[in-house]
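Peer 1: Quick one: this structure, given as structure tokens, is what I'll be asking you about.
The values are calculated or read from the model by the stated rules, or taken from the named source; none is laboratory data. Model, not experiment: these values are computed from the prediction. Virtual Cβ from ideal backbone geometry, glycine too; neighbours counted across all protein chains shown.
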Amino acid sequence: MKLSVITINYNNAAGLEKTIQSVIEQSFTDFEFIIIDGGSTDGSAEVIKKYASKISHWVSEKDKGIYNAQNKGIKAAKGEYTLFLNSGDYLAEKDILKKIFSKNPTADIAYGNMYIVHEDGRKEKGYMPPEITFYQMIRDTLWHPVSFIKHNLFEKYGCYNEDYKIVADYEFFLNVLIDKKVTTQYFNEFISVFSLDGKSSSAESVETIKRERKKAQLTYFHPSMIELANKYNELSTPVYPRTLKQKIKSLFKK
């Protein structure tokens, strides 16, 4: 089996149904669909049952948070690749999985672009860079809903660290992409649509995200490296001499 699509949900029945519909309408068929519900009380279980014939595996039970639920999905998955699509997010078009897997990805992590839907309904195109670098990961991240992750990476390096409440996927990507240097492959396609009304997008989560990102960065890199990367990332304006920019960049190639 080529792919496992894993969706986690808690009390988001309407968003869950949107996600389910986008998955089961795919023209690509070589995948399994796993739903991990955290014991919702809003009718989510009834939504799952409505589409049960299209779902490979599902549970509805209390869990310990986002990454505990995703780890349950990982342990149930049998595909070569995994794609995490949380409830409320959905695949960008009905042929997108066929487009990606017709290109026969072989990298440890294949990824693409993402539409971002703002709270006012505005839809923005978000592009990932063709290469994921140390600078990229210090400045931003690799977006989870557009990342096809080889399942054997979880077997080799472990599942998501549940000590993190919001950025365990970021910590995992720092580990495998930057520290372990696994292979990547970029597809200039829009994989998914991400809504900014999720937990990680809420204002009250901003400080938690900052704190957890800093903790994850310091797990793998010396503070001086992080400081230099932040300085390098600031050199996007033309007021900085090109030679200075190249000099700082060269520090990370040694």
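Peer 1: Every residue in the stretch 191-208 that is surrounded by fewer than 19 Cβ atoms within 10 Å (Cβ to Cβ) and either modelled with pLDDT of 95 or more or in a helix (DSSP H, G or I) (or both), please.
Peer 2: Listed by number, the residues that qualify are LYS199, SER200, SER201, ALA203, GLU204, SER205, VAL206, GLU207, THR208.
Peer 1: Would you kindly identify the helices (runs of 4 or more DSSP H) lying entirely within the stretch 15-103 that contain at least 3 residues that are surrounded by fewer than 17 Cβ atoms within 10 Å (Cβ to Cβ)?
Peer 2: Details: elements: 44-50, 66-76, 96-101.
In the stretch 15-103, the matching helices (runs of 4 or more DSSP H) lie at 44-50.
Peer 1: Still on this structure, I have one more. Please enumerate the residues belonging to the stretch 104-121 that are crowded, with 20+ Cβ neighbours inside 10 Å and part of a strand (DSSP E or B).
Peer 2: ILE109, ALA110, TYR111, GLY112, MET114
Peer 1: If you scan the stretch 148-180, which residues turn out to be touching a Leu at 6+ places or on another chain (Cβ under 7 Å) and not in a helix (DSSP H, G or I)?
Peer 2: Matches in the stretch 148-180: PHE148 only.
Peer 1: Would it be correct to say that LYS214 is of a type outside the set (Val, Ile, Thr) and either at pLDDT below 95 or in a helix (DSSP H, G or I) (or both)?
Peer 2: Details: of a type outside the set (Val, Ile, Thr): yes; either at pLDDT below 95 or in a helix (DSSP H, G or I) (or both): yes.
Spelling it out, LYS214 is indeed of a type outside the set (Val, Ile, Thr) and either at pLDDT below 95 or in a helix (DSSP H, G or I) (or both).
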